[in-house]
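Engineer: Take this structure first; my questions come after.
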Amino acid sequence: MGNKEIKPADFVTIPNLLTYLRILLIAPFVISFIKEQYILAMVFLGISALSDCCDGYIARRFNQITALGKMLDPVADKLTLLAVMVCITIMTPQVLPLMVILIIKDVSMLIGGTILLKKGLNPPAAKWYGKLGTIMFYGSVIIIVFLKAVFKIEIPVLDIILLSATAFVMIFALVKYFLIYKSLLREKNNKNNNIKNN
């Protein structure tokens, strides 16, 4: 179980330090991409993806799940995804539909999280299906960029398959998170009703 309140010590836990790293890596990734230094950009993105996978494992393994981490992790994910999607969309316009799905998913989750906070509830920590969508996104982007920018190879069918699979997982994650949010709100309302009845 994680802490419900942010404590000073939370700012320097290993998982949260890795989350800071992901946020800091956004700038060098974008700069490298704009300069068409695609291999370097993919290195930054690969480090970001690796840290994203490690922070959750470390947090669970060493009981370092914190309220700060629960807030920062999705923020780092969304900022990274947005930066990557903008860069990739400029370079490869066919990913635009995936970017639209990503924006809808993130905006929906942001609205849901805001509603939970207003109700006095903490948004749930990232689940495996959310992480899977992120991993598939990174993998798809790296494959598409490497083939096109580094090896000068374009395979439209492969792009469609990769992006469609990623979009499916993102939509699946959105539905699952929606059900969790709905369940949390229902439990909160039931508790309030029980208190009023008593």
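The values are calculated or read from the model by the stated rules, or taken from the named source; none is laboratory data. Please read these numbers as outputs of a predicted model, since none were measured by experiment. So basically every Cβ, Gly included, is an ideal-geometry build from the backbone, and we count neighbours across all protein chains shown. Please note that ligands, DNA and RNA were not included when accessible areas were found on the heavy atoms of the full protein model with its side chains. Shrake-Rupley method; radii C 1.70, N 1.55, O 1.52, S 1.80 Å.
Engineer: How far apart, in nanometres, would the label points at Ile155 and Met91 be if each is projected 7 angstrom from Cα along the Cα-to-Cβ direction?
Structural biologist: Rounded to a tenth, the inter-label distance reads 1.8 nm.
Engineer: How much of the accessible area of the chain, in percent, comes from carbon and sulfur atoms when a 1.4 Å probe is used?
Structural biologist: Accessible surface attributable to carbon and sulfur in the chain totals 71 percent.
Engineer: In square angstrom, rounded to the nearest 10, how much accessible surface does Cys54 have for a 1.4 Å probe?
Structural biologist: Accessible area, nearest 10 Å²: 50 Å².
Engineer: Two decimals is fine: what is log10 I(q)/I(0) at q = 0.12, 0.28, 0.29 Å⁻¹ for segment 81-133, from a Debye sum with one equal scatterer on every Cα and no solvent?
Structural biologist: -0.37, -1.07, -1.09
Engineer: What does the accessible area of Ile160 come to, in Å² to the nearest 10, when a probe of 1.4 Å is used?
Structural biologist: 110 Å²
Engineer: Using Cα-only point scatterers and the Debye equation, what is log10 of I(q)/I(0) for the chain at each q in 0.09, 0.16, 0.19 Å⁻¹, rounded to two decimals?
Structural biologist: -0.38, -1.05, -1.35
Engineer: Any idea what the dipole of the chain comes to, in debye rounded to 20, about its Cα centre with Lys/Arg Cβ at +1 and Asp/Glu Cβ at -1?
Structural biologist: So the dipole magnitude of the chain works out to roughly 880 debye.
Engineer: Keeping every protein chain present and rolling a 1.4 Å probe, give me the accessible area per residue for the chain in Å².
Structural biologist: Accessible area per residue: 58 Å².
Engineer: Got a sec? What order do Leu147, Leu68, Leu40 fall in by accessible area at 1.4 Å, biggest, i.e. largest, first?
Structural biologist: Leu40, Leu147, Leu68
Engineer: Let me ask something else about it. Given the options Thr80, Thr19, Thr89, which has the most mean-square fluctuation in a GNM of the chain, springs set between C-alpha atoms less than 10 angstrom apart?
Structural biologist: Thr89
Engineer: For all pairs of alpha-carbon atoms in segment 94-176, what percent lies in each bin of width 5 Å, listed from the first bin to the last filled one?
Structural biologist: Percent of pairs per bin, in order: 3, 14, 21, 21, 15, 10, 7, 4, 3, 1, 0.
Engineer: If amide hydrogens are placed 1.01 Å from N in the peptide plane, which non-local residues have theirs closer than 5 Å to the one on Asn122?
Structural biologist: none
Engineer: So, one more: I need the helices of the chain that pass two filters: whole DSSP H segments spanning 27 Å or more by Cα along the axis, and mean Kyte-Doolittle score no lower than -0.5.
Structural biologist: Going by DSSP H runs, the hits are 38-61, 67-91, 96-118, 156-197.
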